[in-house]
Amino acid sequence: MDKCIAVILAAGEGTRMKSKTPKVLHRAAGLSMLEWVVRAARGADTGKCVVVCGRGRNEIENQFGDTVSYVEQAERKGSGHAVMCAEKELVGFDGYTLIIAGDMPLLREETIAALVNAAKEGNYACTMLTAKLDNPFGYGRILRNELGDVTAIVEEKDATEEQRMVTEVNASCYCVCTPLLLECLKEIKPANAQGEYYLTDIVSILNGKGEKVGAYIADDACECMGVNDRVQLAQVSEILRARILERHMKNGVTIIDPKNTYIDADCTIGQDTVIYPNVTLEKGTVIGENVTLYPGSRIENSSIADGTTVQNSVVLDAQIGRETTVGPNAYVRPNSMIGDHCRIGDFVEIKNANIGNGTKVSHLTYIGDADFGEGINVGCGVVVVNYDGKNKFRTSVGDNA
Ligand code: UD1
Ligand code: CA
């Protein structure tokens, strides 16, 4: 059978975020919400991935390049209208279309795959992902008949008192038989409290056609969380971080205080490394084995080799060798390469410089635009003068100086 086409809805205004940045580009644990969703869809082995963009299309395109296709929803007329905008990407396809809201970064690829499986097994026209929530406020509620089939979804704003008591909610992730989807889209009307074309109406439309709609209840309800404001963004970030930390801990990394450790997606950490509280690792940082990261360090897009210790320091776009010590309070800036068995001590700043193996820069020093060889001892308070106000100059110091 053909792979599914994924349509990811990313055109909503995101009014509740109160931001100039499009909602789905807000970041959680190092990736935009949209990137989390696109990765989950890809991980579930979907084929073409279509992103419906509104405001901020350029930013979205800059981020994803030609890894996905784009369609534009020029006016925000609701989630149903958003899918209508993707119609030309779907005509003629007779497999399943997976529709996923771009604001649900906790959704995992395993869950998408399970949803597609449920669709195939139950032979449903549409299978939707749902969750049972203690507090379903704000979500569309799932209405079922005596047989357990889903008959309709009713939005919070349109629901009766009784319907609001339903705790099973719509996650905004659907696996729909494409030809039927295209038929139903034509029949959606903006007859509701918000005057929008609700995608959720396809459920009652399908029922009217005598088609069956099924629901797959997520094992972990949190995966269905949609982010509408920054309070929810913080909540999903916390969960994403916890997942990342758990993966590293299971791989043999000691994390002293997981609640206060911030490791973004895509970082690598070797066995027996120990991470103290208030350490931040960002942008694909690679940490070796037996590294000790003491409190208060931020390391971005850098690599730190085995056995090195970093204390209360900032390291950006740099490479640090083995068995080296950095800090406390060192600042290693972009394009720096520090060798093995070095010491970069307190109040030392290194910028765009190479520091050879075994060289010690123990205190109160600035080294910028320079090549320092091996085995050098740099005394306290050394300043490399690299700038005359107009030009930058490069300095070199030989081995064992
Ligand atoms: C939607 C569902 C609701 C579900 C909830 C789960 C509808 C009508 N309601 O409500 O049943 O419980 O998600 O989080 O679908 N979007 C567009 N264009 C638009 C409007 C929305 O692309 O014109 C996108 C948004 O970017 C977002 C998604 O569709 O990714 C959902 O929109 P949102 O406004 O967040 O819907 P909810 O009110 O949360
Ligand atoms: Ca939402």
### Query
What's the local net charge at residue 142, with K and R +1, D and E -1, over the other residues with C-beta under 15 Å away?
-3
### Message
7 Å from Cα along Cα→Cβ at both residue 165 and residue 272: what's the point-to-point distance in nm?
### Response
6.1
### Query
What is the calculated FRET efficiency for residue 401 to residue 42, with r their C-beta to C-beta distance and R₀ = 51 Å, to the nearest 0.05?
0.45
### Message
Of the candidates 354, 290, 386, which one comes out as most mobile in a Gaussian network treatment of the chain with C-alpha springs shorter than 10 Å?
### Response
386
### Query
Over the chain, what percent of the accessible surface lies on carbon and sulfur atoms, probe 1.4 Å?
47
### Task
Pull out the extension gain between residue 192 and residue 243, defined as 0.36 nm times the separation in residues minus the alpha carbon to alpha carbon distance; nm, one decimal.
14.5 nm
### Message
I'd like to check one number: the per residue accessible area of the stretch 102-205, probe 1.4 Å, reported in Å² as a whole number.
### Response
45
### Message
Quick check: with the 1.4 Å probe, what order do 42, 333 take by accessible area, largest first?
### Response
42, 333
### Task
Please find the FRET efficiency linking residue 157 to residue 94, where r is the Cβ-Cβ separation and R0 is fixed at 25 Å, and quote it to the nearest 0.05.
0.10
### Task
Treating the angle as unsigned and between 0 and 90°, give the value, to the nearest 10°, between the Cα long axis of helix 109-122 and the longest Cα principal axis of the chain.
20
### Query
Gaussian network model of the chain, Cα springs within a sub-10 Å range: biggest mean-square fluctuation belongs to which of 340, 158, 103?
158
## Note on the structure
Ranking 29, 17, 268 by how far each Cα lies towards the positive end of the charge dipole of the chain (+1 on Lys and Arg Cβ, -1 on Asp and Glu Cβ), the top one is 17
### Whether the stretch 263-339 is rounded, prolate or oblate, judged on the alpha carbon gyration tensor where a/c under 1.5 counts as rounded
rounded
### Query
For residue 377 and residue 114, what is the calculated FRET efficiency with R₀ set at 60 Å and r taken between the beta-carbons, to the nearest 0.05?
0.50
### Task
Could I have the simple spin-label model distance between residue 66 and residue 347, label points 7 Å from Cα toward Cβ, reported in nm to one decimal?
5.4
## Note on the structure
Expressed in square angstrom to the nearest 10, the accessible area of residue 67 with a 1.4 Å probe stands at 80
### Virtual spin-label span in nm between residue 137 and residue 235, 7 Å along Cα→Cβ
1.0
### Shape category assigned to the stretch 297-354 from the gyration tensor of Cα positions, a/c cut at 1.5
rounded
### Query
If you average 1/r over all unlike Cα pairs in the chain and invert the result, what Kirkwood radius do you get in angstrom?
23.7
#### Entry: Rounded tilt (10° steps) of 33-43 against the dominant C-alpha axis of the chain
80
### Task
Springs between alpha-carbon atoms under 10 Å, Gaussian network over the chain: tell me which of 19, 313, 204 tops the mean-square fluctuations.
19
### Query
What is the gain in length, in nm to one decimal, between residue 149 and residue 3 on full extension, counting 0.36 nm per residue of separation less the C-alpha to C-alpha distance?
50.0 nm
### Loop-resident sites, the stretch 113-207, for GluC sites (Glu not before Pro), counting at most 16 other Cβ within 10 Å (DSSP)
146, 161, 162, 187
### Task
Have a look at the stretch 69-191 and give its Rg and Dmax from the Cα atoms, expressed in angstrom.
14.9, 42
### Query
How high is the relative contact order of the stretch 1-42, in percent, counting Cα pairs under 8 Å that sit 6 or more residues apart?
30
### Task
Could you please put 104, 84 in sequence from largest to smallest accessible area, using a 1.4 Å probe?
84, 104
## Note on the structure
If exposed means chymotrypsin sites (Phe, Trp or Tyr not before Pro) lying in a DSSP loop and surrounded by at most 14 other beta carbons within 10 Å, then the longest stretch of the chain lacking such sites spans residues 138-392
### Task
Round to a whole angstrom and tell me the spacing of the C-alpha centers of the stretch 95-159 and the stretch 1-70.
19
### Query
Counting DSSP beta bridges in the chain, what percent are antiparallel, to the nearest 5?
20
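The values are calculated or read from the model by the stated rules, or taken from the named source; none is laboratory data. None of the values given here were measured: they were computed from a predicted structure. So basically every Cβ, Gly included, is an ideal-geometry build from the backbone, and we count neighbours across all protein chains shown. Surface areas here come from the heavy atoms of the whole protein model, side chains and all, with no ligands, DNA or RNA. Shrake-Rupley method; radii C 1.70, N 1.55, O 1.52, S 1.80 Å.
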